[in-house]
Structures are given as C-alpha cells and as structure tokens.
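The values are calculated or read from the model by the stated rules, or taken from the named source; none is laboratory data. Because the structure is a prediction, the values reported are computed rather than measured. Cβ: placed from backbone, ideal geometry, glycine included. Neighbour counts: every protein chain shown. To get the accessible areas, we keep the full protein, side chains included, count just its heavy atoms, and leave off ligands, DNA and RNA. Shrake-Rupley method; radii C 1.70, N 1.55, O 1.52, S 1.80 Å.
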Amino acid sequence: MKSCDYKLSALLVLSGVLALPATTSAAQAEAPVQQGADPQAIDQTAFDQCVQKLKARALQEQIAPAVVNSQMDSVQYVARVIELDRRQPEFTETFHNYLGQRVNEHRVQKGRTLLKQHYDLLLQLTHQYGIPPQYLVAFWGLETNFGAYLGKMNVLDSLTTLACDPRRSEFFTLELLEALRLVEAGVADHGTMLGSWAGAMGNMQFMPSAYRRFAVDADGDDKADLWNSLPDAFTSAAHFLNQLGWQRNLRWGREVLLPDDFDYALAGRDVRKPLAQWRQLGVRDVAGNRVPALDLAASVIVPSGHNGPAFVVYENFEVIMGWNRSEFYALAVGHLADRINGAGELKVSPPEGERLSIETVQWVQQTLNTAGYDAGPADGIFGTRTKRALRKLQKEQGWVADGYLSDDVLQRLRAWQREWAQAQPAQTGETP
Ligand code: CA
C-alpha cells in the first residue's frame, strides 16, 4: 500500500471542513483509490481554465493579488502526479512486510544516534509539549528517513494538478489556498516549495494546512522552515501532536500476550475497556505479568490475526492515527519509538503470510455478501465492514473469530463456500 500525506485532514474532518471517506487516511491516505474516476488527463485548455477559477477563488479568499498572479501564472500540470494518485495497489500489504520495511536495525541505530545528538532540544520539547524524544525521532524516521528524503516535487504544481482533477478537487483546492498563504507569509515560493507528489513538505512531511496551523519558528529567524531547520521541524511536530491531543506521560500502547481462550471478537479499536478489565481477561505483558489494574482506556489489536503479535493501545495511539490514519503506521511509530528508546524486537514476530491480491479480497467480499454476511461493496479493500462480516462467519463456524484473512482462513473459506453453494437450491432461472 502506498502512503501519501494528507496531514491534518483529521482535524479538518473534526471541524467539519472536510468529509473524507472512512477508509481514507487523515494524515496520509493508505488510499484505497476510488474506482470509476476518469483516468483521462485533462487537456491544456481545461487546465488553464481551471487555473483561472482557482485564481478567482484565491482572490475571493483575500490572498494578495500579487501572490496569486505571480505564483499561479507559472503553475504547470504534472501528469505524473495524477498517475501516482491513481496508482492502484495490487496487493494488500501484510503487517510483516509493512513493519519490516519501516523498522529495521539500521533505522533503529540511526534513530538512537540522532536522539543523542538532538537530546537537549528534544527534552525541552518534552517539557513544553509532552511528547517524549523517541516519538519525535520515530516520526522523523518514518516520514523522511530522518530528513534523507524530503521530496522534490513542486508543491504548487502538484496541488494545482490535484485541485483540477475531479477525484478530490475540494480537498486539494483548500491545501493549495493554504500553500498560497504560505507564499504570502514568505515561507517559500513556487520555485522553492518542494515536497511529496501530494504536497507534503519538509522533515516531517506537513501538508500546507498543517504547516500554516502548527509550524513553529523555534530557532528565532522569524520563519518556520520545516525543510532546513531541525529545531523548527521537531518543534512543529511536537506542537502538532500536542494539538492532536497527546496524553503526557502515557505510552502509545505495548505488545501483550493473550490467553489461549481469548475471545477475538473483542479485538479491534472499536472495543475499548479499562486496562483493569483486560487484566481480568488474562492479558499479560511480554514478560508474562498481568497488565496493571489501571482505569486506562485500552483496545486490543492483532494486526496479523491470532497467530501474530497482539497489542494494547491507548489514547496516544489514536493521536498517532490523527497524524496518519493507518493502524500499521501507528504501530510502526510506536514500535520504532520503543526500539530507539532501547527496547528489543517484538516478542511475537508477525507471521510472513501471503500478500492478498485485490481480486482475492473481492472474491471474499462477494462470497460473504452472497451468503448473507454484510461485507460491504466488493472493492478489494479489506476494511472494517468486511472484517466484521468475516468475524461473524468465523464465529458461527467455530473458527477463531479474529477477522483476519490468513492463508489458513482463506482455504477454509474456499471449502466452506463450495459446501455452501452445493447446499443452495439449484438456480434454474425458470419460474416454478
Ligand atoms: Ca526558523
């Protein structure tokens, strides 16, 4: 699955500015690309007309005419941006692969070195905003490999191209307006505002809206420069996480061990219980001790099903998901932060498993729907509704109801589907 940054849209959604589909990430889209959009690139005339409209909108929004004209007159359509936006994932990524690609020994070591190097600043930010050093370094590592890759696309070109594309026009129009306000504020201009294809910028990959609202000038040069100033970048990230509701002195969550008789219908972020209740249900830490009897809201999640690692996750996990709406991402941040802070690898390694093709997931969805389990539209995306439907079937069949489509579950499902189909009355298509 690809990831592209739409930082802050969580807040915009909360404030009612934007309505994103539930599957679309707030900070980043693990974007299941919507079907049916016209893949045809627009021609130059249509693009020029669109730019005129955007200029009118920017002027209406009180952005200085000199800025609007100087910046928008030179924007260009970038076909590659639409290509990247349309890129369909062929497979559903496994947690094993996702985590392995993002949290490895090299990155952990580098993170530890950098944490030491920037410790004074990071500690000061912990006092000020409540975010411990290892998390800020973990975000930095995941977003740009510690500043090694900031993105080289022209942000105004990218955002204008996406704003002129019907798929998410309004979202990117709003980001473009914010980018123009950044120009107005002297942060950068058409030539220097560089970032990802979707417009995320600097060491922490802030979208323009996040940049405008949360970027902080920490080094005192009167400019929040998220590309070149690490004090500015770290401080801005700490400020952003603080505003997303980071709970001081709390962890993101931790790996746990579940008892053999654990009811996997309780796994998932939609079930929240005080840690004390999880303790009663036999949840233990990786050392084998029962989790503490605290009145702390927690969910249990099993990203690779019941054969993989289990985690309890707290409020700060949701905060990380406000930065990037993906459980895998939030687990990667939490785990990388722990590793940088000295922890070892996970006690239970995520099983490798097969990557699921989109077609396979579609088949599962059709099968569940045909048999009366509500798996939602057969879009090939293994989302909450499909998971719930699979769980229901697993439970009825006496399988472990973890809602996880492992190779084993897939085989069982195929056998079950054949039996189910045979048991149905023959469909002759004739009226009796
Ligand atoms: Ca600065």
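Here are the numbers for this structure:
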quantity: Alpha-carbon centroid distance for the pair the stretch 263-336 / the stretch 83-129, whole angstrom; calculated: 20
quantity: Backbone N within the stretch 342-368 under 11 Å of label point (7 Å from Q424 Cα along the Cβ vector); calculated: 367-368
quantity: Average Cα contact separation per residue, the stretch 317-432, under 8 Å, 6 or more apart, as relative contact order %; calculated: 14
quantity: Long-range amide H partners of L356 with built H, under 5 Å; calculated: T92
quantity: Accessible area (Å², 1.4 Å probe, nearest 10) - V187; calculated: 20
quantity: Cα gyration tensor shape of the chain, rounded if a/c is under 1.5, else prolate or oblate by comparing a/b with b/c; calculated: oblate
quantity: Heavy atoms of T94: accessible area, 1.4 Å probe, square angstrom to 10; calculated: 10
quantity: Peptides ranked, highest mean first, by Cβ atoms within 10 Å: ranges 235-243, 408-416; calculated: 235-243, 408-416
quantity: Loop-resident sites, the stretch 134-232, for chymotrypsin sites (Phe, Trp or Tyr not before Pro), counting at most 14 other Cβ within 10 Å (DSSP); calculated: Y149
quantity: Accessible solvent surface per residue of the chain, calculated while the other protein chains remain in place, 1.4 angstrom probe, Å²; calculated: 46
quantity: Mean separation of Cα contacts under 8 Å (6+ apart) over length of the chain, as relative contact order %; calculated: 17
quantity: Relative contact order, percent, the stretch 358-420 [alpha-carbon distance under 8 Å, six or more residues apart]; calculated: 24
quantity: MRE, 222 nm, helices only [DSSP H, n ≥ 4, -39500 (n - 2.57), over the chain, to nearest 500]; calculated: -14000 deg cm²/dmol
quantity: Accessible carbon and sulfur surface of the stretch 284-432 relative to its total accessible area, %, 1.4 Å; calculated: 45
quantity: Cα gyration tensor, the stretch 182-265 - rounded (a/c under 1.5), prolate or oblate; calculated: prolate
quantity: Sequence-distant residues sharing a close amide H with V256 (under 5 Å, placed H); calculated: A310, F311, V312
quantity: Dipole moment magnitude, nearest 20 debye, the stretch 253-340 about Cα centre, only Lys, Arg, Asp, Glu C-beta charged; calculated: 120
quantity: Dipole axis of the chain (+1 Lys, Arg; -1 Asp, Glu on Cβ), positive-most option in F262, V155, A298; calculated: F262
quantity: Accessible carbon and sulfur surface of the stretch 206-253 relative to its total accessible area, %, 1.4 Å; calculated: 35
quantity: Largest-first ordering by accessible area, 1.4 Å probe, given options H335, H306; calculated: H306, H335
